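Here's the structure we're looking at; comments come further down.
Just so it is clear, none of the values below were taken in a lab; they were calculated from the coordinates. From a predicted model like this one, the values you see are computed outputs, not experimental measurements. All Cβ positions, even for glycine, are placed from backbone atoms using ideal geometry, and neighbour counts span all protein chains on display.
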Amino acid sequence: MPLSDLLPAWQGAKSVTLLFLCLAMLCFPFSVAATNIALGIVLGVGLLSGIWWQGLMALWQAHRGLMLALIVYLALAVIGLIWSLDQVWGLKILGRHWFWLLLPVIAIVVSAPKCRNLFLGAMSVGLTANLMFCVLQANGLVDGHAAAGSSAENATGHIGHTSFGFIYGIWAAWLMHLGLMIRNRYSWLLWSLSLWSVVMVFMAQGKSGYIVTAVSMLFVAVKWLQENGNRVMYLSFAGLMVLLVLVVSFGPGKERILGSWQAVTGDVQSGLNHVRTEGDLNQYLATSSATARLEWWKLSYQMWLERPVLGVGTGGFPAAAAEWQQQHSDGRQYHVALVHPHNQYLLVMVRWGIIGLISLLALLYLWIRVGIALPWEGSVALPLVALSGTALLLHGLSSASLEEHFSTFFAVIVAASGLSERFIHKG
């Protein structure tokens, strides 16, 4: 069949994948099932049409180091099944990595500026609608338990508090960049959405979200100051920092930050003795949560010391944690059933030993490096690469960031849009 006959079909496949990709972004904050169905169609059409292979080749040529690091990381997840303590659970863990297969498809589909803008617009509409939902949730007007950890007191919609700050921290920082780039009357709209996102993040639980948001905003400010610092930029950055300080000092985030400090200093009993108000309760719960995670980290580190080179294999962490606690129970029957240690770095260390840690750090380093290799001025999506990589780096300190539905999916798709913009720069 002549190439001219194949071209319309290929363009049609791109249009279909773009349509379902935009539908996935609109559904993303509200329905995991609908999002997965739309993305499944995106991946299926991409594989059948050859878009996936073309995207892989384009990414390999433009970002060879990053793609090599990603291939090594994913290969460890597969090969690690060989020595896994629990291969059944390992297969389930492997299934959580399917989002990475979307990277080549999305990179090609949104490589044209119009397609990329349509995709980013759909993403922003979906995230804005979710902020409206969270406001209604905070006022008790919609379901107060939309997701785990989500309630009227912790309004994070169907995303939940674990990934809420991760997603909106990246989005807020990107909106800040976009407002600085376009420099017109719409800049204030973009900055207002960014400010709204920051406020909602600090009203919700999730201390990792505070850090991701603050560092992401700081990242954008420093990058712009470095490239073309001016008075407006300095004033905007100073105003943002003042706002963040005020929110932390007087807002609902204060108790949770103080609670984490009590856990680090070991002053847990003091927090329990002073529970009088709702703020005191939030502070105590934060203390308890942080204390538990510190214990899980210590346990994971001890587990790694027993198998420092290859680890316990993909999916072996829960079995290894139960085994270690049984061996070191000192006659006690009680132990905590741990699926992961709420730390991505310790998780890969226990799974794949020091090799796993090196592969993860290399992946994140190259991810961020690609995002800052070119100037950001005039670039719509490229900053999303560095922002998503930095967010995964930070979020991984308190979660399994590369295996969570919301954080992994969001990081992959926004990074793909930024990487696709690089194709034009290299062309």
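Label positions at residue 192 and residue 68, each projected 7 Å from the Cα along the C-beta direction, are separated by 4.9 nm. Taking a ≥ b ≥ c as the square roots of the eigenvalues of the alpha carbon gyration tensor, the range 1-139 is oblate, as a/c is not under 1.5 and a/b does not beat b/c.
Label zone of residue 141 (point 7 Å out along Cα→Cβ, amide N under 19 Å): in the range 179-204 this covers 193, 196-197, 199-201, 203-204. Phi angles across the range 103-113 convert, under the Karplus curve 6.51 cos²θ - 1.76 cosθ + 1.60 with θ = phi - 60°, into 3J(HN,Hα) values of 3, x, 5, 5, 4, 7, 4, 9, 5, 6, x Hz, Gly and Pro given as x. Taken along the Cα-to-beta-carbon direction at a fixed 7 Å, the label points for residue 96 and residue 16 span 3.2 nm. In this label model, residue 83 and residue 132 are separated by 5.4 nm, measuring between points 7 Å along each Cα→Cβ vector. Multiplying the residue separation of residue 222 and residue 183 by 0.36 nm and removing their Cα-Cα distance gives an extension gain of 12.2 nm. Shape analysis of the range 151-227 places it in the oblate category; the axes a ≥ b ≥ c from the Cα gyration tensor give an a/c of at least 1.5, with a/b not above b/c.
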